[in-house]
Amino acid sequence: MYNAEIGILEGRLAAREIANLLQLSEQIKQSGSKRLGTTISIWEVMFSDLNYFCTEGSARTLSNLINFVAPPKSLSLEKFWVVESSYENVDASKLPFLPHFDVKRTTKIMVYLSDVDTNDGPMFIAKNVSPTQFEKRRCGVTLKGQNVVTNTNLTFEPLIGPAGHFHVFDTNIPHFAGRPGQGGSRTVLRLDFVHPHQ
């Protein structure tokens, strides 16, 4: 179960659940709602519209995942994303490839739909801080880029794992997307739970 004070959790889905989410991600990608203005491939769906894409199996898988994580009741599930990155489609000099915290505080569930090792551009997260450490600074952010973190005391660890591995984290914890190496790629399904008063 997710502990909001620690802000990090990981787990693993079964093969049938992975298949359900792969099917859901393909349906979302075929909808044509790809996000513009970014170097990585992102398809974004508001949670209120997700029923349009869900089958009985994928709806059950999502429900089981959310119930397993048990995010605090104060959080509201807002968006659902499919994100694909590869060596060819990233610009490592820009967000989200720079260490940062999110301006809009969320708790994210990120499910790897492909095997992700260090060459596939895993997420990196600072493991030596708590979610509260950057809250005051986050509240003072007024311009894009002010959320980039240059603190050299942070220790970032890659979140690697096979398809079906999932990570849950509070975006107040500094994190960044790794750049895939040549031949590397990453497909992620992401759920965003927004914190109150955002």
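Taking every alpha-carbon pair within the chain, the share separated by more than 23 Å comes to 42 percent.
Ranked by how many other Cβ atoms sit within 10 Å of their own Cβ, fewest first, the residues Asp192, Asp91 fall in the order Asp91, Asp192. If the Kirkwood radius is taken over C-alpha pairs of segment 30-117, then at 10 °C and 1.306 mPa s the Stokes-Einstein diffusion coefficient equals 104 µm²/s. Calculated mean residue ellipticity, 222 nm, the chain: -5500 deg cm²/dmol, from DSSP H runs (n ≥ 4) at -39500 (n - 2.57) each, averaged per residue and rounded to 500.
Debye-formula intensities of segment 114-198, expressed as log10 I(q)/I(0) at q = 0.13 Å⁻¹, are -0.50 (one equal scatterer per alpha-carbon, no solvent). Stretching Thr38 away from Ala70 to a fully extended chain increases their span by 8.4 nm, per 0.36 nm per residue minus the current alpha-carbon distance.
Bear in mind that the values in this text are calculations on the coordinates, not laboratory data. This structure is a prediction, so every number in the text was calculated from the model and none was measured. Glycine gets a Cβ as well: all are built from the backbone with ideal geometry, and neighbour counts include every protein chain shown.
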